[in-house]
Amino acid sequence: MRLTNIAQLNLPFGRLMGYDVAVLSREGSLPVSFDQGRHVGAGLRPGSWMALSFQVPERLSLGDLEQAWLAVIDRHLTLRSVFEPGPDGPRLHQVRLGPGRWVEHPISTGQPVNAAVRDVLDLACAPYAQPSHRLCVLETAVSTTVLIAADHAHVDMWSMLVLARDLLRALGQLGTGHTPELAVAPGFAEHTQALLSRQTAPEQVRERWTEILGASGEVMPRFPLPLGEPEPFPERVEVRDVLGTAEDAAFEAFAKDQEISTLSLAVSVMTKVTLEVAGQPLRAVFPVHSRYEETWHDSVGWFITNSVIESADPEPRLAQAAVREAIRLGSWPLDDILQPWGGMPEAPGMFAISWLDLRRLPVQIDTTSLQAQYVSAVIRTDGVMLWFVFDQQGLHLRCRYPDTRKARRNVGGWLDRTVAQMREVANTYPHAAAAEMDDGLGHAASQDRNR
């Protein structure tokens, strides 16, 4: 499943409909996670949402979609919660939602469909919107395109798959003549409370965070090359196909031969490229998921926390050690770890690398036949965000960076070298699995295959 943004999403022209639910009453306070507080506390702004789109080759009944979506809302507590400003930061309240109505959103003369959808989601899925999620459809004579969107405070990419699967499941129940029944999933607020109750990070974890942030100038890691003026610019989004299915298999086989993960092999490549072009280790913000128990696999919420990774040697097993360390550094409550910096010390140029292997998630939909795509908003940015997505068609990446000449040259060049070297690893492996590779990524296997 590809990861794109709303400006690049291929949408049909049709009638744009959005479903408004009714907020009936407030039902109590809920805990706010560290990342929720940081995200919502930034205030009202366009583009704080994320979405998933899929298409079915028939006209779906709006009545069925309404029933199915209300069943999904009943299943997930975070969809029944809203933020409000408070004197000490955002407050979160549970609310009771009821049936609402479908609203048609006119598409103006000459207006791209994408722009019309973007306007709707920027307004409906804002941090303090009540609720801050929206079901939209584009109806044509022969198909229905469904968009599920929510402010990021309530969802992550895994959550979007859960919402799509649950909506399709409820529609399937309606198709067989049954009222949708979806069991209530554990709420994200429970997860937030569980994290708040965890013990604080051990001293060695704090020391390592201090070392990595210190090496980054007392801020979160930044892209190692100049991006231009340190201020937000309109974003440039690149979507690239990195490995096809055959190359993907070879890349994974090489990683297995090295006794490391495919992610670690990718970090090895990125480390090598960063050392070559910038003369410094790979340092980046490294999102890790916090669904540490199977309990949360079917839940919806922001189950992502930020860690940091520092990889100074492209030797594959050392790269794997860096990945494991990053996961460990992200396994503790961040508000406590980052207290010496007064919270997350963001700065222009922040560099983040995200990795998602859809094939291994416990939540699956038929992304190919549904033409499903992850969709992000269009924003202004001063940093670099890189997503790798593995699916049945291979490995893709999407990169967002400020659209300046320096960023085009430096980020684009870094991406060129990274993609080229990942392909080189994949293309070399079938012919020289046990030999040292010219780029130095393979000597660990030839020295010792038994850890």
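The values are calculated or read from the model by the stated rules, or taken from the named source; none is laboratory data. Please read these numbers as outputs of a predicted model, since none were measured by experiment. Note: ideal-geometry Cβ built from the backbone for every residue, glycine included; neighbour counts use all protein chains shown. Keep in mind that these areas ignore ligands, DNA and RNA; they rest on the heavy atoms of the full protein, side chains included. Shrake-Rupley method; radii C 1.70, N 1.55, O 1.52, S 1.80 Å.
Looking at V32, V103, which is the one that is open to solvent by less than 40 Å² (accessible area, probe 1.4 Å), of a type outside the set (S, T, N, Q) and at pLDDT 95 or above?
When all the criteria are applied, what remains is V103.
Might you check whether a residue that is of a type outside the set (D, E, K, R), within 23 Å of T274 (Cα to Cα) and not in a helix (DSSP H, G or I) occurs anywhere in the stretch 317-324?
First, pick out the residues of the stretch 317-324 that are of a type outside the set (D, E, K, R): 318-323.
When the remaining residues are screened for being within 23 Å of T274 (Cα to Cα), the result is 318-323.
Keeping just the survivors that are not in a helix (DSSP H, G or I) gives none.
No, there is no match, as no residue in the stretch 317-324 is of a type outside the set (D, E, K, R), within 23 Å of T274 (Cα to Cα) and not in a helix (DSSP H, G or I).
State which residue pairs qualify: first residue at pLDDT below 95 and inside the stretch 201-219, second residue of a type outside the set (S, T, Y) in any location, beta carbons under 6 Å apart, and separation of 6 or more residues or different chains.
Listed pairs, sorted by first residue: A201/W332; A201/I337.
Could you tell me whether A246 is surrounded by fewer than 19 Cβ atoms within 10 Å (Cβ to Cβ), more than 24 Å from the chain's Cα centre (by Cα) and closer than 18 Å to F388 by Cα?
Considered against the rule, which asks whether it is surrounded by fewer than 19 Cβ atoms within 10 Å (Cβ to Cβ), more than 24 Å from the chain's Cα centre (by Cα) and closer than 18 Å to F388 by Cα, A246 comes out as yes.
Tell me which residues, restricted to the stretch 99-143, are touching a residue at least 60 places away in the same chain (Cβ under 8 Å) and charged (D, E, K, R).
R101, E104, R118, D122, R134, E139
Considering each of E252, E235, E211 in turn, give the residue that is more than 28 Å from T381 (Cα to Cα) and open to solvent by 20 Å² or more (accessible area, probe 1.4 Å). Break it down stepwise before answering.
On the way: E235 fails: more than 28 Å from T381 (Cα to Cα); E211 fails: more than 28 Å from T381 (Cα to Cα).
Being more than 28 Å from T381 (Cα to Cα) and open to solvent by 20 Å² or more (accessible area, probe 1.4 Å) holds for just one of E252, E235, E211, which is E252.
Taking only pairs six or more apart or across chains, which ones have beta-carbon atoms under 7 Å, a first residue in the stretch 247-261 that is closer than 14 Å to T428 by Cα, and a second residue that is surrounded by fewer than 21 Cβ atoms within 10 Å (Cβ to Cβ) and basic (K, R)?
E247/R423
Give the residue, chosen from R360, R328, R317, that is within 21 Å of T200 (Cβ to Cβ) and open to solvent by 50 Å² or more (accessible area, probe 1.4 Å).
On inspection, the qualifying residue turns out to be R328.
Would you point out which residue out of V300, V288, V323 is closer than 24 Å to P362 by Cα, touching a His at 6+ places or on another chain (Cβ under 6 Å) and open to solvent by less than 30 Å² (accessible area, probe 1.4 Å)?
It is V300.
Do the conditions hold for A319, that is, is it under 24 Å from the mean Cα position of the chain (by Cα) and farther than 30 Å from A189 by Cα? Let's see the steps before the verdict.
On the way: under 24 Å from the mean Cα position of the chain (by Cα): yes; farther than 30 Å from A189 by Cα: yes.
Answer is yes for this residue.
Being part of a loop (DSSP other than H, G, I, E, B) and of a type in the set (G, A, S) is the filter here, so list the residues in the stretch 71-120 that pass it. Talk me through it step by step, then tell me what you get.
First pass over the stretch 71-120, keeping only residues part of a loop (DSSP other than H, G, I, E, B): 76, 85-90, 105-112.
Correct list: G86, G89, S108, G110.
Let me confirm something: among W341, W414, which residue is at pLDDT 95 or above, aromatic (F, W, Y), touching a helix residue (DSSP H, G or I) at 6+ places or on another chain (Cβ under 9 Å) and open to solvent by 30 Å² or more (accessible area, probe 1.4 Å)?
Answer to the selection: W341.
For the subset of the stretch 130-173 comprising residues that are among the small types (G, A, S) and open to solvent by 20 Å² or more (accessible area, probe 1.4 Å), which member is nearest to the chain's Cα centre (by Cα)?
Just the residues of the stretch 130-173 that are among the small types (G, A, S), to begin with: 132, 141, 143, 149-150, 153, 159, 164, 170, 172.
Retained after the next criterion (residues that are open to solvent by 20 Å² or more (accessible area, probe 1.4 Å)): 141, 172.
On the way: A141: 33, G172: 27 Å.
If we take residues in the stretch 130-173 being among the small types (G, A, S) and open to solvent by 20 Å² or more (accessible area, probe 1.4 Å), then G172 is nearest to the chain's Cα centre (by Cα).
State the number of residues belonging to the stretch 407-427 that are out of contact with any Asp or Glu (no Cβ under 9 Å at 6 or more places or on another chain) and farther than 18 Å from W355 by Cβ.
7
Mind listing just one residue for me: the one in the stretch 176-190 that is out of contact with any Phe, Trp or Tyr (no Cβ under 8 Å at 6 or more places or on another chain) and surrounded by 12 or more Cβ atoms within 10 Å (Cβ to Cβ) and, of those, farthest from A312 (Cα to Cα)?
Filtering the stretch 176-190 down to residues out of contact with any Phe, Trp or Tyr (no Cβ under 8 Å at 6 or more places or on another chain) leaves 176-185, 187, 189-190.
This time we only want the ones that are surrounded by 12 or more Cβ atoms within 10 Å (Cβ to Cβ), so: 180, 182, 185, 187, 189-190.
On the way: P180: 52, L182: 48, A185: 41, G187: 39, A189: 38, E190: 38 Å.
It comes out as P180.
Hey, any hits in the stretch 191-199 for a residue that's under 30 Å from A426 (Cβ atoms) and open to solvent by less than 30 Å² (accessible area, probe 1.4 Å)?
No, the stretch 191-199 has no match at all.
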